[in-house]
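K.L.:
Pasting a structure here, questions to come.
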Amino acid sequence: MAERCAVIGVGQTKHAAKREDVSFAGLVREAASRALEDAGMDWGDIDAVVIGKAPDMFEGVMMPELYLAPALGAVGKPMLRVHTAGSVGGSTAIVAAHLVASGRHERVLTVAFEKQSDSDAMWALSVPQPFSAPLLAGAGGFFAPIIRAYMRRSGAPDHIGILVAVKDRLQALKNPYAHLHIEDISFDMVKNSIMLWDPVRYLETCPSSDGAAAMVLASERVAESSGSSRPPAWIHGMAMRSEPTMFAGRDQVNPQAGMDCAEDVYRQAGITEPRRQIDVAEVYVPFSWFEPMWLENLGFAEQGDGWKLTDEGATALDGGDIPWNCSGGVLSSNPIGASGMLRFLEVAMQVRGQAGEHQVENVRTALGHAYGGGSQFFAMWVLGTDKP
Amino acid sequence: MSAAAARAAVRPIAVVSVAQSKSVRREDHRNEVEILMPVVTEVFANIGVTKRDMGFVCSGSTDYLVGAPFSFVMALDAVGVWPPMRESHVEMDGAWALYEAWTLLQEGEIDTALVYSFGRSSPAQLDRILALQLDPYYLAPMWPDPVALAALQAQGLIDTGKASEKDFAAIAARSRRDALGNPNAQVAKDQSADDLLRDDYVVAPLRRHTLPPITDAVAAVVIAAGDRARDLCEHPAWITGIDHRIETHALGARDLTVSPSTHAAAHGAGVFDAATGPTDTVEVDVAELHAPFASQEPILREALRLSDSVAVNPSGGALAANALMVAGLLRIGEAASRIMDGSAQSAIAHATSGPCLQQNLVCALSAEPGGPAGRGA
């Protein structure tokens with residue numbers, strides 16, 4: 001019964017530590033205007049708006065979509081606000097896509113953003129709660145022990161995280177929208193950067209960014225008559241899964257929800273061998289070590305072998321057989337609420353052949369991935385050049 | 001209003017179970033998970049299912065009430081999503097979570113969803129946090145509180161002759177009296193409008209009784225599609241239409257005495273399908289309207305073109321209990337309950353969000369999946 005749905009327009013801001021040249025409204029409008037232009041549409045063509053962002057405390061505005069409605073052309077239309085932790089950018093795109101897949105709407109604008117410079121996300125994340133384990137100064141403190149557990153379990157050598165950090169920053173140099181452009185990035189520069197949360201060094205960590213991402217999602221009928229100069233990126237599968245933050249015996253290194261989510265999205269897209277069938281992937285890697293961890297969780301490698309793919313360069317845009325995060329990934333741009341949507345959007349760009357210098361050749365199938373919370377919320381989609 | 005044309009939905013989906021906590025001024029001894037757990041248990045027990053039977057879980061809440069980021073994450077422990085489940089969350093009233101779930105069920109892959117929301121207002125300073133909901137550059141720095149903004153709206157009604165302070169008092173008196181029949185209500189009293197008019201002003205022209213109470217509460221609803229709904233519930237409350245719209249945030253650009261977004265949402269929800277002329281009124285047995293301020297009820301009645309004979313807020317409405325993020329979902333729950341218990345054949349439920357009714361959702365419910373019999377007069 002579900003209707004076909006495709007991405008027919010994408011837009012993102014130039015991501016930066018501080019976008020002091022724009023308001024919240026200006027930031028989201030920059031991305032949304034570009035998405036509409038790419039789709040060959042105007043504000044009036046849109047049926048509904050779905051917006052997502054991470055916790056409101058990151059900017060200090062409660063439910064900012066109320067204020068942003070006119071800036072996004074949503075006045076008189078349905079507007080939804082999604083919040084599913086770090087995975088929210090991906091979840092938001094999926095909620096928007098379901099408005100099309102359900103037959104409810106034909107043209108949906110979806111937007112995600114974060115303007116971190118207006119607040120301090122690290123400390124907003126660390127509000128002490130009665131009877132709850134403290135987050136210990138931001139997400140890095142939470143994830144470092146999980147990374148250490150992965151290293152022990154897999155026997156991965158210490159340098160793997162550094163390789164990921166260098167690779168993603170080199171790839172970011174090919175993406176004009178990326179926040180970090182470290183021209184002289186090198187193995188030694190990462191290795192010698194300060195240790196923040198052992199084993200995570202400063203340069204193995206995502207930045208804090210201001211930025212926004214937007215996409216226009218369309219029904220089959222609209223996609224095939226779209227004014228865009230680019231072909232549609234068809235949704236072949238989309239899925240979300242959640243599991244609790246903590247319980248005895250939970251595997252936080254290789255979460256079941258991530259495996260279940262991948263299995264669901266692969267089933268929908270007819271993927272049985274991810275490494276062979278997926279041409280390019282944008283995967284949520286906020287700390288370098290999450291690349292090998294997610295390589296295993298997403299079935300690109302056997303358990304314990306993910307780091308070997310990273311080590312042999314399989315995930316590099318330059319010469320790898322499964323390039324991951326050609327845009328530079330979360331390690332190079334991290335407007336938290338938008339980071340997941342940027343993964344979803346970047347694979348749409350790859351499928352539509354509009355990724356410029358970081359374009360992978362002959363992309364037919366691509367995976368976008370986002371996760372959030374304590375590695376417990378997952379959102380994924382598979383896009384393809386062919387109509388499913 | 002732009003033509004945000006919603007295409008016709010085809011799959012019949014119904015509310016099959018409703019549960020709620022008591023609405024109280026202050027829940028001192030239980031956190032969000034502890035308040036939610038018995039309610040989630042009850043919403044399943046009502047129809048003999050477990051979380052395993054749910055195809056989807058969707059919730060609505062806001063971090064600003066809890067004063068912590070990711071507050072919905074811990075609340076999810078009330079469900080215990082293990083093995084992993086398909087789950088999502090809106091930073092909105094639970095009514096919009098129900099909309100998201102209803103949309104997903106339209107696709108036909110899954111047949112059931114749990115929707116819940118939680119709102120514990122007592123630890124928060126509502127006048128301060130709701131000011132943070134406003135334009136951060138031009139409005140929030142002046143800290144206008146929600147009562148002051150609602151007073152502007154109420155004064156507009158008085159100035160245009162659309163309603164009087166006595167009308168507001170009569171609405172409050174009726175709501176509180178009706179709440180005597182609702183065991184979960186927070187404010188339930190038998191007082192005359194004349195008595196209430198002796199209250200002092202909080203912000204003129206609003207008096208204490210025109211304001212909603214500050215409430216802690218949670219609510220949960222299960223929706224199901226087609227035959228699954230019939231299997232689970234003897235009298236499912238069929239959702240014959242549901243839609244929502246937002247208006248501009250700029251209060252100065254709106255006529256606060258009307259609600260075009262409610263009207264457009266009602267149109268999208270098929271409320272006016274049986275009303276053939278522009279002056280036709282809408283006849284339903286029950287309307288549960290989320291009007292936190294008594295002064296907002298006349299605006300919603302007009303937007304929905306409700307006939308005078310419609311029983312509005314027999315539960316007592318938001319004047320009897322107004323847990324933020326919950327009160328909208330509860331309107332759907334209360335309206336659906338009237339159909340499920342056989343006391344109503346048709347109903348309209350409404351939810352609102354933002355200052356002065358900025359965003360509105362309308363849900364039409366019927367005892368028949370085919371839709372409204374006898375609506376429109």
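K.L.:
Under 7 Å between Cβ atoms, at least 6 apart or on separate chains: pull out the pairs that start in segment B:134-151 with a residue that is of a type in the set (Asp, Glu) and end on any residue that is modelled with pLDDT of 95 or more.
P.N.:
Once the first residue is of a type in the set (Asp, Glu) and sits in segment B:134-151, its partners that are modelled with pLDDT of 95 or more give B:Asp135/A:Tyr67; B:Asp135/B:His249; B:Asp145/B:Leu130; B:Asp145/B:Ala131.
K.L.:
Run down A:Lys387, A:Lys308 and say which single residue is of a type in the set (Lys, Arg), more than 18 Å from A:Phe287 (Cβ to Cβ), at pLDDT 95 or above and assigned to a helix (DSSP H, G or I).
P.N.:
Sole residue among the options that is of a type in the set (Lys, Arg), more than 18 Å from A:Phe287 (Cβ to Cβ), at pLDDT 95 or above and assigned to a helix (DSSP H, G or I): A:Lys308.
K.L.:
Related question: Would you call B:Leu149 within 14 Å of chain A (Cβ to nearest Cβ), under 21 Å from B:Ile214 (Cα atoms), within 24 Å of the chain's Cα centre (by Cα) and in a loop (DSSP other than H, G, I, E, B)?
P.N.:
Answer is no for this residue.
K.L.:
So which residues in segment A:222-242 are closer than 22 Å to A:Glu346 by Cβ and surrounded by fewer than 19 Cβ atoms within 10 Å (Cβ to Cβ)?
P.N.:
Hits for segment A:222-242 are A:Ser229, A:Pro231.
K.L.:
Okay, moving on. Which is out of contact with any Ser or Thr (no Cβ under 9 Å at 6 or more places or on another chain), surrounded by fewer than 19 Cβ atoms within 10 Å (Cβ to Cβ) and in a loop (DSSP other than H, G, I, E, B), of A:Pro157, A:Pro145?
P.N.:
A:Pro157
K.L.:
Could you check, for segment A:32-39, whether at least one of its residues is at the interface with chain B (Cβ under 9 Å from one of its Cβ atoms) and surrounded by 19 or more Cβ atoms within 10 Å (Cβ to Cβ)?
P.N.:
no
K.L.:
Can you tell which of B:Glu334, B:Glu302 is acidic (Asp, Glu) and either touching a strand residue (DSSP E or B) at 6+ places or on another chain (Cβ under 6 Å) or within 14 Å of chain A (Cβ to nearest Cβ) (or both)?
P.N.:
Testing whether each residue is acidic (Asp, Glu) and either touching a strand residue (DSSP E or B) at 6+ places or on another chain (Cβ under 6 Å) or within 14 Å of chain A (Cβ to nearest Cβ) (or both) leaves just B:Glu334.
K.L.:
Okay, next question. Can you report the number of residues in segment A:16-60 which are aliphatic (A, V, I, L, M) and under 15 Å from B:Glu91 (Cβ atoms)?
P.N.:
Residues that pass the stated criteria total 5.
K.L.:
Output the residue which, of all residues in segment A:243-259 that are within 12 Å of chain B (Cβ to nearest Cβ) and in contact (Cβ under 8 Å) with a residue 60 or more places away in the chain, is surrounded by the fewest Cβ atoms within 10 Å (Cβ to Cβ).
P.N.:
Restricting to residues being within 12 Å of chain B (Cβ to nearest Cβ) and in contact (Cβ under 8 Å) with a residue 60 or more places away in the chain, the top hit is A:Met246.
K.L.:
What is the residue count in segment A:270-310 for residues that are out of contact with any helix residue (DSSP H, G or I) (no Cβ under 6 Å at 6 or more places or on another chain) and more than 19 Å from A:Met380 (Cα to Cα)?
P.N.:
Residues that pass the stated criteria total 3.
Condition check ((1) more than 10 Å from chain B (Cβ to nearest Cβ); (2) in contact with a Phe, Trp or Tyr (Cβ under 7 Å, 6 or more places away or on another chain)) across all residues:
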{"site": "A:Arg4", "(1), (2)": "yes, yes"}
{"site": "A:Val7", "(1), (2)": "yes, no"}
{"site": "A:Glu20", "(1), (2)": "yes, no"}
{"site": "A:Ala25", "(1), (2)": "no, no"}
{"site": "A:Glu30", "(1), (2)": "yes, no"}
{"site": "A:Ile51", "(1), (2)": "no, no"}
{"site": "A:Met79", "(1), (2)": "no, no"}
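K.L.:
Still on this structure, I have one more. Just for strands (runs of 3 or more DSSP E) wholly inside segment A:187-242: which have at least 2 residues that are of a type in the set (A, V, I, L, M, F, W, C) and within 14 Å of chain B (Cβ to nearest Cβ)?
P.N.:
A:210-219, A:233-242
K.L.:
Next question. For segment A:91-140, which positions are modelled with pLDDT of 95 or more and part of a helix (DSSP H, G or I)?
P.N.:
A:Ser91, A:Thr92, A:Ala93, A:Ile94, A:Val95, A:Ala96, A:Ala97, A:His98, A:Leu99, A:Val100, A:Ala101
K.L.:
If A:Gly26 satisfies every condition in (1) crowded, with 23+ Cβ neighbours inside 10 Å; (2) over 21 Å from A:Pro232 (Cα atoms); (3) small (Gly, Ala, Ser) but one, which is the exception?
P.N.:
In the conditions (1) crowded, with 23+ Cβ neighbours inside 10 Å; (2) over 21 Å from A:Pro232 (Cα atoms); (3) small (Gly, Ala, Ser), A:Gly26 misses (1) alone.
Rundown of residues vs (1) within 9 Å of chain A (Cβ to nearest Cβ); (2) over 12 Å from A:Pro244 (Cβ atoms), yes/no style:
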position	(1), (2)
B:Thr50	no, yes
B:Gly55	no, yes
B:Gly60	no, yes
B:Val81	yes, no
B:Arg86	yes, yes
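K.L.:
Only one residue in A:Glu282, A:Glu243 is at pLDDT 95 or above and within 23 Å of B:Val33 (Cβ to Cβ), so which one is that?
P.N.:
So the residue among A:Glu282, A:Glu243 that is at pLDDT 95 or above and within 23 Å of B:Val33 (Cβ to Cβ) is A:Glu243.
K.L.:
Right, another one. Look at segment B:238-258 and say how many of its residues are in contact (Cβ under 8 Å) with a residue 24 or more places away in the chain, small (Gly, Ala, Ser), over 18 Å from B:Gly328 (Cβ atoms) and more than 10 Å from every other protein chain (Cβ to nearest Cβ).
P.N.:
Within segment B:238-258, residues that are in contact (Cβ under 8 Å) with a residue 24 or more places away in the chain, small (Gly, Ala, Ser), over 18 Å from B:Gly328 (Cβ atoms) and more than 10 Å from every other protein chain (Cβ to nearest Cβ) number 0.
K.L.:
Is there a residue in segment A:81-90 that is assigned to a loop (DSSP other than H, G, I, E, B), in contact with a strand residue (DSSP E or B) (Cβ under 7 Å, 6 or more places away or on another chain) and of a type in the set (S, T, N, Q)?
P.N.:
yes
K.L.:
Taking segment A:56-76 as the search range and keeping residues that are touching a strand residue (DSSP E or B) at 6+ places or on another chain (Cβ under 9 Å) and in a helix (DSSP H, G or I), which one is nearest to A:Glu114 (Cα to Cα)?
P.N.:
A:Phe58
K.L.:
Return the total of residues in segment A:53-73 being within 22 Å of the chain's Cα centre (by Cα) and at the interface with another protein chain (Cβ under 7 Å from one of its Cβ atoms).
P.N.:
Within segment A:53-73, residues that are within 22 Å of the chain's Cα centre (by Cα) and at the interface with another protein chain (Cβ under 7 Å from one of its Cβ atoms) number 4.
K.L.:
Just checking: which of the strands (runs of 3 or more DSSP E) contained wholly in segment B:193-311 hold 1 or more residues that are of a type in the set (Asp, Glu)?
P.N.:
Counting at least 1 such residues, we get B:216-225, B:237-246, B:286-288.
K.L.:
Can you tell me which residues in segment B:171-187 are out of contact with any strand residue (DSSP E or B) (no Cβ under 7 Å at 6 or more places or on another chain) and crowded, with 18+ Cβ neighbours inside 10 Å?
P.N.:
B:Ile171, B:Ala172, B:Ala173, B:Arg174, B:Ser175, B:Arg176, B:Asp178, B:Ala179, B:Asn182, B:Ala185, B:Val187 - these are the residues of segment B:171-187 that are out of contact with any strand residue (DSSP E or B) (no Cβ under 7 Å at 6 or more places or on another chain) and crowded, with 18+ Cβ neighbours inside 10 Å.
The values are calculated or read from the model by the stated rules, or taken from the named source; none is laboratory data. Here the structure is a predicted model, which means the values were calculated and not measured. Here Cβ is always computed from backbone atoms with ideal geometry, including for glycine, and neighbour counts include all displayed protein chains.
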